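All remarks here apply to the structure that follows.
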Amino acid sequence: MPDSLQWNLLILVVYGIVVAYVFYQMWLDLDECVSLTFEKEELAKTLENLELTGFVDVTFKLKDLYKPEALRELEVTIQNKAETRSLLVIWERCTLANFKGKALRVIRVIPGMSLDLSQSQTYSFIAPGQQIKEKITVESALKANDHGELAIAAPLFKPKKLEKAAEKGDRFTLRLVIEMTQPAVGVHSGSLHAISCPFTVSKTPKRRALYWQPKRKKKKKDDD
């Protein structure tokens, strides 16, 4: 066999081994992916029990799948569907219960957040017929960045614990505390309501993860 042919064959074999190894690592990475399911029916029951059906709605923007270390925040939309009453979200009383039921302090993510987390968070005011979109995380996930501001530096849960929870189909629960008030801003004249938002964690099927592609941001059309 000519030397050139042997050399080409060797290159082909090495290339095949490298490609196989890359795909093997990709397959292992896919096995780590988890998915979140927001239990909307249970939220509906909670709102019904609190007599808030038709007055409040809570939704979440979730990705199709997450790498355990990438689940660092939740994006929530809270809508005030009432016609005359205003709604306050009392962030300082909101908590996230982990897989063991331990309540973690919820922090509303605001650009340029102060380092002093000992201070109470300000509430959010939602006028009748309006809504707010907020990103939230837990206190333990925040650390100071190079500019001296708080930024998300860790996931909501430890990756290994999240993977184990996904294997068992465990749940965690976000507890939102709201108050329905009169239309005037800052008037606390209503009663507090605790709204439980449960999430089920599961392993993402490998076939689903294999064909998943992140959504691309839509380009803004140029003004002609």
The stretch 43-76 - residue that is under 30 Å from Pro205 (Cβ atoms) and of a type in the set (Ser, Thr, Tyr) and, of those, surrounded by the fewest Cβ atoms within 10 Å (Cβ to Cβ): Thr59
Residue check for Val89: under 18 Å from Cys197 (Cβ atoms), hydrophobic (A, V, I, L, M, F, W, C), surrounded by 17 or more Cβ atoms within 10 Å (Cβ to Cβ) and in contact with a Ser or Thr (Cβ under 6 Å, 6 or more places away or on another chain): yes
Residues located in the stretch 111-132, provided they are among the polar types (S, T, N, Q) and under 24 Å from Leu87 (Cα atoms): Gln119, Ser120, Gln121, Thr122, Ser124, Gln130, Gln131
Scan of the stretch 145-169 for residues that are closer than 22 Å to Cys94 by Cα and not in a loop (DSSP other than H, G, I, E, B), ordered by number: Leu150, Ala151, Ile152, Leu162
Strands (runs of 3 or more DSSP E) completely within the stretch 50-134 that count 2 or more residues being modelled with pLDDT of 95 or more and within 24 Å of Ala144 (Cα to Cα): 74-80, 95-97, 103-108
Verdict on Ala194 being surrounded by fewer than 16 Cβ atoms within 10 Å (Cβ to Cβ) and either on the phi > 0 side of the Ramachandran plot or not hydroxyl-bearing (Ser, Thr, Tyr) (or both): yes
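The values are calculated or read from the model by the stated rules, or taken from the named source; none is laboratory data. Bear in mind that the values here come from a model prediction, so they are computed numbers and not experimental data. Backbone-built Cβ (ideal geometry, glycine too); neighbour counts: all protein chains shown.
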